[in-house]
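Every number in this text was worked out from the coordinates using simple rules, so none of it is lab data. None of these values were measured; they are calculated from a predicted model. Here Cβ is always computed from backbone atoms with ideal geometry, including for glycine, and neighbour counts include all displayed protein chains.
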Amino acid sequence: MMRMQPRTRRRLASGVLIAVAVLVTGWAVAQRAVGAEAALPPERTFSNAPFIHKIYLRDEDGNLISPPKAGPDGKPLTEDPGKPMSQYATCGKCHSDADTMLTGWHSNASDPRAPKGRPGEPWILADVQTRTQLPLSYRKWDGTHHPHDVGMNDFKFALSFGRHLPGGDAALTKSDDLRFRMSGKFEFDCLVCHTTDNGYDPVDRYYQVNEEVQNFKWAGTYAAGLGKVIGQAVKLRDNWDPADPNARPAPKVAYDRGRFDSENKVLFNVERRIPNERCYYCHTSVGSGPLPNGDAHGGPAAPQSAAGGSKPAKGGVSFRQNLENRYRHDRDIHLLKGMLCVDCHRNGADHMTTRGYEGEYADRVAAYGADKVDKTITTLSCVGCHYGTDGPAGTTPQAGLPAVAPHGKPENLGGRAAAPRPEHKGLPTLHFDKISCTACHSGPYPEDATTMVQTSLAHRLGLPHHRHVDDASPIIQQPVFLRVDKAGKPVADDAKDGKITPHKVLYPSFWGRLNGDRITPMTPELVLAAVGKGAAKKLFEEAPDAKEVEEHKPLDKEKIVQALEKIAAYQPPAPEAKPAAPAATAPAATQGATTRPATTQAAAGVPATPAYHTGEPVYVTGGKAYRRSKDGTSLESFDSAAAKPYAWALAHDVRGAQQSLGARGCTDCHASGAPLFDSTVSSASVIPAASVTQPMHAVRGDSMGALAAFAATYPMRPILVFTGYACAIVLALVLLNYGTRAVSRIGRRK
Amino acid sequence: MTTIRILTYIGIVLAVWLALIDYAVMRPKRKALPGARLRGFEGLVYLGFLGCVLLMSVSSFGMIAVGEHMHRWMLIVHMSVAPPYAVCLTILALMWAEQSQFRGERAAESAALGERFYPGEKLAFWVTVAAGFVTIATAMLGMMTWFGSDGQIVLLNTHRIAALVVLVSAVFHGTRVLLGRPAAAVE
């Protein structure tokens, strides 16, 4: 064999080294390129013109979805792919900050790091048969119950309220509840808000997420009209294994090829400024008239006008609506002026939509730190927009807004969205310290009693049904004027930062268990299980059609006693023993939701008995709790924190200046019988004749002596004004006369 | 501490100080006058006026001094006393305007010239009438629907300043007229 020449050997070695270097470098560059692509910021145009969203669909694994091609006979040549679109993957391809978007208000309810914010509308677990209306919230607002604490796991919560849930919350996507394996996670639904046409039907979405179908993962695809969903997750058993060839197949999608263009892209009409109609699906609020006979269940009547129903305030016009005459309502003045909801309720990528209350900036700073909070939200409240952070002239520092920049800087200025600066002619500026803007300008025009209101979240507005009554359960009343601070907490009469603010109010009704001084609610299912089917029909009457929106009927004390007896005797099924787990004394503090209620582990392997299975059975309604008497034949009432009404501030619809309180003068409020003080609130008890009606000032705990005396002086105001002007004129003439004489005398001397 | 609260403290101190200075320093040098200076209806109106000034000052400046708004019963008192205050001031202006004209005399010459009031008292009188007129006018204008919030603030601040001036000048005038001279010797 010939020996290689040294020069050749050197050349060969150099070539190998160069090749290795090129390979290694190329591999490193490729790796870096892949990493860089994964870390790319969101793809945006930064133009005011909308980007036309003609995009590829992707499934949850990020794979492209294309409908199979059709053969000459029109039938698909291959099997439909079947997988539903994942909006997280589809939208997230360009909007790589999708995870940031999930930290917003619409999907952060179960995030312990998110600010609670001012108490808002809860999810109300309402059941007509068991006379339940229970406020629930993952945010743990005072007066609400966490779903887990009442035995409602995340999946059941999603089923109960999925009709109006946008999805995406950790409770709905990270929960380990078993049934989510079959139904799929309840993904954040971008399109339910961001579609600008009727190409996305939230009612179709509901038909997929309701209890009879449970197709969470497929709902968005169906609602967007992308295809038909074949199959129902509800039919998959708890032991369903997708890998089992004999298992029932999961639901799948038969895509509509007509929705795809020649490049397999789909057009979604999406814009930055979302039309109001998208918001209205979840955020509609409709007045539904006076409480019948003063309360929902035969209690004392509100004063009746000749035409029936409660009377309007003196000199005022009744704008009372019921569901049928909604056409009388004028809509919010901001919308009438051409604004959109999103012009005030704005957000950035974080989707922390501005709520617009005065304490919002402080709440967010407390949760996130001042450097992470958008300062401009201070000028997106009523005061901030119309006045700037300086607030109306003459207000005290407590009544003002936090100045996020030195005086005069643009960040402090009002006039956002061309908001006019109100003059408030004739209104002493002291009122700005005592009353919120919404007290005079928002909600229905106050009358001599509260009226009922129905909302999308509580009364399933937006879903078609045949029967929908004005006094449907749950009974929510408005406006109830309470004194609260900027964070929405009730404060005393003499609190410096308290303002009278209108609220919606719900008096909870529910069955529960009393342990110590704490009442833990029971879900309607548990109540029916405890009472038994046959007895339930006798005591509570037949359950109405769940699709219709019905009213609570009264429930006699005798029946409540009997039901409480049955609940007391009820033995819940023994829970399955699980492997020993570390003792936990609180709900999980991590972001992910759990199904573990707030109990402690009693012993290794044996789950503790939830509080809704133990303790004395009670029924809460109309602001009172009821237990059986000692001899067990009657009811006795007692006070409990759990029976207190839950209130949340209302801010819409805003009425124009001519329809605000005070437009007709001071006596809109400073007069005997004025709604702000004397309008009545009913406790809306389920028990007949047990409702208590209170005037607003009593609900607030106001001392009325001076106010009543002040109101009594108003009829004499013309005398005061005449006297004052007459004296002023006389004094002016005296000063003029003698002043002129003095000047002329001085002139003569000179 | 707001501006109006500071001004309130200054006004109260000034009113008390002026009265004390006059009573303690100037009064002993003055001759006694025979008989009471005010009688009958005149005295009644004048005492009524002073009472009204006192009540209105307590109900307003008293609340400001402790850091509160004028509200609730204090507001009721203030507004109830306002009409008698206006009427009394007007009657006093009509009764004493002629007698309170300045004729260029010195204090020592007043009695000889047959003047009823002394120059210091005349000055306090006119300041009270002028400032009183401002308090009434600003209060009345504020009750109308002619002024927005900014105008309301101007009216309110003007009312407060004028009221402080009334307080100081009325207390001084009252001290001079009622207590400004030693008692006449009883023969």
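Pull up all non-local amide H partners of A:I519: gap of 5 or more, or a different chain, and H-to-H distance under 5 Å with H placed in the peptide plane.
A:A642
Could you pull out the pairs from A:K486/A:K624; A:K185/A:K533; A:K174/A:K547 whose alpha carbons sit more than 31 Å apart here?
A:K185/A:K533
Net charge around A:E121, counting only other residues with Cβ within less than 12 Å of its Cβ (Lys, Arg = +1; Asp, Glu = -1)?
With Lys, Arg at +1 and Asp, Glu at -1, the neighbours total +4.
Once amide H atoms are built 1.01 Å from N in the peptide plane, which residues 5 or more positions from A:S175, or in another chain, come under 5 Å H to H?
When sequence neighbours closer than 5 places are left aside, the close amide H contacts are A:A593.
Which lysines, if any, have their Cα less than 25 Å from the Cα of A:K54, not counting same-chain residues under 8 positions apart?
Hits, sequence-local ones excluded: A:K69, A:K83, A:K93, A:K217, A:K228, A:K252, A:K265.
Under the rule of -39500 (n - 2.57) per DSSP H run of 4 or more residues, summed and divided by the residues of chain A, what mean residue ellipticity at 222 nm is obtained, to the nearest 500 deg cm²/dmol?
After summing the helix terms and dividing by residue count, I get -7500 deg cm²/dmol.
Specify the inter-centroid distance of region A:146-216 and region A:437-455, based on alpha-carbon positions, in whole Å.
32 Å
Roughly speaking, what is the centre-to-centre gap between region A:488-512 and region A:638-670 when only Cα atoms are used, to the nearest Å?
Using only Cα atoms to place each centre, the spacing works out to 11 Å.
For A:E360, what charge total do you get from the other residues with a beta carbon under 11 Å from its beta carbon, if Lys and Arg give +1 and Asp and Glu give -1? Mind showing how you got there, number by number?
Numbers: positive: A:R118, A:R355, A:R364, A:K486; negative: A:E358, A:D363, A:D374.
Every neighbour counted, the sum reads +1.
Using θ = phi - 60° and the Karplus relation 6.51 cos²θ - 1.76 cosθ + 1.60, list the HN-Hα couplings for region A:681-697 in order, rounded to whole Hz, with x at every Gly or Pro.
10, 9, 7, 6, 6, 6, 6, x, 6, 9, 5, 10, 10, 10, x, 4, 5
Relative to the longest principal axis of chain A, what angle (0 to 90°, nearest 10) does the C-alpha long axis of helix A:717-749 take?
70 degrees
Does a label point 7 Å from the Cα of A:E212, set along Cα-to-beta-carbon, have any residues of region A:118-138 with amide nitrogen under 20 Å, and which are they?
A:126-129
Hey, can you grab everything whose amide H is under 5 Å from the amide H of A:E616? Only 5+ residues off in sequence or another chain; H modelled, so Pro and N-termini drop out.
A:L514
For the peptides B:68-80, A:347-359, A:120-132, what is the packing order when you average, over each peptide's residues, the other Cβ atoms within 10 Å and list the highest mean first? Each step should come with its number before you reach the end.
Working: B:68-80: 16.9, A:347-359: 19.5, A:120-132: 22.9.
Taking the mean over residues of other Cβ atoms within 10 Å, the ranking is A:120-132, A:347-359, B:68-80.
Taking 20 °C and 1.002 mPa s as the conditions, I'd like the Stokes-Einstein D for the protein assembly as shown in µm²/s, using the Kirkwood hydrodynamic radius from alpha carbon pairs.
64 µm²/s
Which entries in A:K557/A:K630; A:K375/A:K644; B:K29/B:K122; A:K504/A:K553 show an alpha-carbon gap greater than 24 Å?
Numbers: A:K557/A:K630 15 Å; A:K375/A:K644 36 Å; B:K29/B:K122 19 Å; A:K504/A:K553 22 Å.
The answer is A:K375/A:K644.
Residues of A:710-723, mean number of Cβ from any other protein chain within 10 Å of their own Cβ, rounded to a whole number?
The shielding value for this peptide is 3.
Using r as the Cβ-Cβ distance of A:I719 and B:I6, and R0 as 30 Å, what FRET efficiency do you calculate, to the nearest 0.05?
On the way: r = 36 Å, r/R0 = 1.20.
Efficiency at R0 = 30 Å is approximately 0.25.
Normalised by the empirical 2.2 N^0.38 Å for globular proteins, what value does the Cα Rg of region B:52-100 take?
So region B:52-100 has a normalised radius of gyration of 1.40.
Comparing B:I12, B:I136, B:I153, which has the greatest mean-square fluctuation in the GNM of chain B with Cα pairs linked when under 10 Å apart?
B:I153
Based on the mean of other beta carbon atoms within 10 Å per residue, what is the order of B:85-97, A:654-666, most packed first?
Order by mean packing, descending: B:85-97, A:654-666.
Give me the distance in nm between label points sitting 7 Å out from Cα along the Cα-to-Cβ direction at B:L54 and A:L23, one decimal.
10.9 nm
Could you state the number of Å between the C-alpha centres of region A:548-576 and region A:231-294?
A separation of 34 Å, based on Cα centres.
Could you give the size of the charge dipole of the protein assembly as shown about its Cα centre, using +1 on the Cβ of each K and R and -1 on the Cβ of each D and E, expressed in debye and rounded to the nearest 20? Let's see the in-between values first.
On the way: 104 positive and 87 negative charges, 597 e Å.
That gives the protein assembly as shown a dipole magnitude of about 2860 debye.
Once the Cβ-Cβ distance between A:M704 and A:S96 is put in as r, and R0 is 56 Å, what FRET efficiency do you end up with, to the nearest 0.05?
E between A:M704 and A:S96, to the nearest 0.05, is 0.40.
Can you spot the aspartates and glutamates whose alpha carbon is less than 14 Å from A:K499's alpha carbon? Ignore those fewer than 8 places along the same chain.
A:E358, A:D433, A:D485, A:D702
For peptide B:63-75, how many partner chain Cβ atoms fall within 10 Å of a residue's Cβ, on average? Could the numbers behind the result be given before it?
On the way: counts 0, 0, 0, 0, 1, 2, 5, 1, 6, 8, 5, 1, 6.
Averaged over the peptide's residues, the number is 3.
Taking beta carbons within 10 Å but only from partner chains, what does the mean come to for residues B:135-148?
Other-chain Cβ atoms within 10 Å of each residue's Cβ, averaged: 5.
Show me, for region A:127-138, the HN-Hα J-couplings you get by feeding each phi into the Karplus relation (A = 6.51, B = -1.76, C = 1.60, θ = phi - 60°), rounded to Hz, glycine and proline as x.
9, 5, 5, 8, 6, 10, 9, 10, x, 10, 7, 6
With each label point set 7 Å from Cα along the Cα-Cβ vector, what nm distance links A:K630 and A:H466?
A separation of 5.3 nm, rounded to one decimal place.
Taking region B:1-154 as the region of interest, what is the percent of Cα-Cα pairs per 5 angstrom bin, listed from the shortest bin to the one with the maximum distance?
1, 7, 13, 17, 20, 16, 11, 8, 5, 2, 1
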